[in-house]
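Data first, discussion second: the structure below is written as structure tokens.
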Amino acid sequence: MDYSWLGNEVYLEYLWTGFVNTLILVAVSGAFGFALAVGVALAQIVGPRPLAALARGFTTVIRGTPLLVQLFFFYDGVGRLLPEIPGVRETWMWPILRDAFFYGALAFTISVGAYAGEVMRGAMKSVPAGELEAARAFGIPRHKILLRVWLPRAVQICLPTLTGEIILLLKSVPLVSTIAVMDLLKAANIVRDETFLVYEPLLLIAGIYLALVLILTLVMRRVEVTYPGMRPAHQRRV
Amino acid sequence: MQGFRQEGLLDWAGPLLWGALTTLEIAVLAYAIGLLLGLLGATAKLSGLRPLVWLATLYSTVVRSIPELLLIILLYYAGSQVLERTARALGFDVVVEISGFVAAVGVLAFVQGAYMTEVFRGAINAIPRGHLEAADAFGLSRGTRFKRIVLPEMLPNALPGLSNLWLILVKDTALISVVGFEELFFTAQQAAASTRSYFVFYTAAGVLYLVITLGSNVLFREAERQVRRGQPGV
């Protein structure tokens with residue numbers, strides 16, 4: 001095992017960038033993906049027929065095809081068609097649309113939207129109807145029922161499953177190395193190409209992922225325990 | 001341009017279907033081996049023998065927390081080297097050249113086995129203790145007890161997890177393309193690069209995967225009906 005390359009500042013810089021990008025990707029696609037998931041779930045539960053069918057089709061297609069294929073579909077497929085739209089190069093969006101990072105975040109957001117959407121659909125349907133009826137009887141406006149009653153209760157029901165989805169998201173980040181985004185795997189691959197070491201860089205980032213998953217699991221367990229309504233009654237502040 | 005014809009989807013239909021077939025072959029083989037590994041892992045975890053429990057826990061925990069792509073790249077390269085070293089240690093002076101196919105199947109099976117270990121462990125744990133005790137009281141041997149009681153009783157519990165893992169496996173086969181093995185997605189990438197119609201070919205690959213996954217959903221639903229026959233309807 002030869003880890004002397006860790007003394008090289010350039011490589012450390014790559015690894016750090018890869019690490020930060022990994023966290024950003026998880027945070028961004030996790031947040032936007034969850035918003036999309038709520039939309040997908042709502043469309044199927046209360047949406048009009050065509051919208052519900054569209055949402056169902058969306059989840060079926062996304063969950064039935066490999067994420068790697070979706071990534072290339074957006075990056076190479078859609079990404080190469082965009083410049084043919086006249087005037088797109090002059091808009092403010094062009095610097096974003098040219099960046100591989102954007103397509104990685106886009107693919108992950110859509111993927112989270114589909115997988116978590118299914119989870120949220122199940123959870124939102126499991127919220128007892130009486131609680132929503134009670135909220136309506138109090139005259140709470142619809143959007144507030146959603147934000148204050150329906151969603152919090154649904155999240156409470158499926159929180160452990162959502163934890164699993166976040167870990168899956170974290171573990172799919174290395175896929176973006178294939179579309180030239182600097183993540184941990186990309187950094188390791190650069191080190192491998194330049195130092196001719198086959199395993200050391202890969203083992204190092206395997207260790208980093210192991211640690212990240214462990215930390216994420218612990219953090220989420222903490223969240224699960226402190227989530228309102230999940231705490232034992234005697235710990236609750238009045 | 002004289003004599004030059006733009007290649008299209010039709011010219012690549014053959015290779016793409018061939019790639020889909022390779023993908024299916026890899027997935028089926030890896031699934032079968034993964035089932036065995038999972039059963040072994042679950043048996044080890046439930047055996048109560050310290051070293052076995054420890055080994056199986058290490059296997060299922062580590063493999064499940066490292067990204068599949070990373071594992072596949074690691075094992076793909078490490079696999080041949082480990083085999084070569086073992087062969088050298090045994091006195092054979094050979095250069096081991098495992099084929100891409102074998103490596104792909106081996107790596108995916110190894111990863112699947114870790115997830116299957118957890119599925120089987122949960123499913124076996126859900127069998128009522130009394131049933132196993134009854135089997136012991138009747139003097140069934142361990143083998144017979146497994147074949148007649150444990151297996152048929154745990155399958156209904158395990159099947160939803162198993163069908164999920166099959167879908168994950170089919171989608172994970174695409175990762176093998178990253179190490180340059182020619183399956184469905186690798187073929188689609190080649191086609192896309194050579195015709196420069198990326199959109200068309202990635203869509204085509206997506207459709208083929210979708211056909212496989214939706215098709216297997218039907219099969220698994222039938223299988224679930226089979227293993228649940230005799231159970232009271234829900």
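(1) without any contact (Cβ under 8 Å) to a residue 60 or more places away in the chain; (2) open to solvent by less than 40 Å² (accessible area, probe 1.4 Å); (3) of a type in the set (A, V, I, L, M, F, W, C): which one isn't true of A:Ala53, the others all being true? A:Ala53 satisfies all of (1) without any contact (Cβ under 8 Å) to a residue 60 or more places away in the chain; (2) open to solvent by less than 40 Å² (accessible area, probe 1.4 Å); (3) of a type in the set (A, V, I, L, M, F, W, C) except (2).
Is it true that some residue in the range B:154-171 is over 17 Å from B:Tyr31 (Cβ atoms) and open to solvent by 70 Å² or more (accessible area, probe 1.4 Å)? Taking every residue of the range B:154-171 in turn, at least one turns out to be over 17 Å from B:Tyr31 (Cβ atoms) and open to solvent by 70 Å² or more (accessible area, probe 1.4 Å).
The condition of being surrounded by fewer than 15 Cβ atoms within 10 Å (Cβ to Cβ) and touching a residue at least 12 places away in the same chain (Cβ under 8 Å) holds for only one of B:Leu71, B:Leu36, that being B:Leu36.
I'd like the full set of residues that are open to solvent by less than 70 Å² (accessible area, probe 1.4 Å) and either without any contact (Cβ under 8 Å) to a residue 60 or more places away in the chain or under 18 Å from B:Ile72 (Cβ atoms) (or both), limited to the range B:12-23.
If the condition is that a residue be open to solvent by less than 70 Å² (accessible area, probe 1.4 Å) and either without any contact (Cβ under 8 Å) to a residue 60 or more places away in the chain or under 18 Å from B:Ile72 (Cβ atoms) (or both), then B:Ala13, B:Gly14, B:Gly19, B:Thr22, B:Thr23 are the ones that fit.
Assessment of the range A:218-228 against the conditions (within 13 Å of chain B (Cβ to nearest Cβ) and either part of a loop (DSSP other than H, G, I, E, B) or touching a residue at least 24 places away in the same chain (Cβ under 8 Å) (or both)) yields no matching residue. Selection of helices (runs of 4 or more DSSP H) fully inside the range B:132-234 by the criterion of at least 2 residues being within 13 Å of chain A (Cβ to nearest Cβ) returns B:151-172, B:184-195, B:198-227. The condition of being hydroxyl-bearing (Ser, Thr, Tyr), more than 14 Å from every other protein chain (Cβ to nearest Cβ) and within 17 Å of A:Asn21 (Cβ to Cβ) holds for only one of A:Thr91, A:Thr109, that being A:Thr109.
Here A:Arg192 meets the list (1) modelled with pLDDT under 95; (2) more than 22 Å from A:Leu12 (Cβ to Cβ) almost entirely, failing just condition (2). Sub-6 Å Cβ pairs linking a first residue in the range B:111-124 that is in a helix (DSSP H, G or I) to a second residue that is of a type in the set (S, T, N, Q), at least 6 apart or interchain, are B:Ala114/B:Ser60; B:Thr117/B:Ser60; B:Glu118/B:Ser60; B:Ala123/B:Asn157, ordered by first then second residue.
Restricting attention to the range B:1-41, the residues that are of a type in the set (Gly, Ala, Ser) and modelled with pLDDT of 95 or more add up to 6.
The values are calculated or read from the model by the stated rules, or taken from the named source; none is laboratory data. Bear in mind that the values here come from a model prediction, so they are computed numbers and not experimental data. FYI the Cβ positions are ideal-geometry reconstructions off the backbone, even for glycines, and counts take in every protein chain you see. Calculation scope for accessible area: heavy atoms of the full protein, side chains included, ligands and nucleic acids excluded. Shrake-Rupley method; radii C 1.70, N 1.55, O 1.52, S 1.80 Å.
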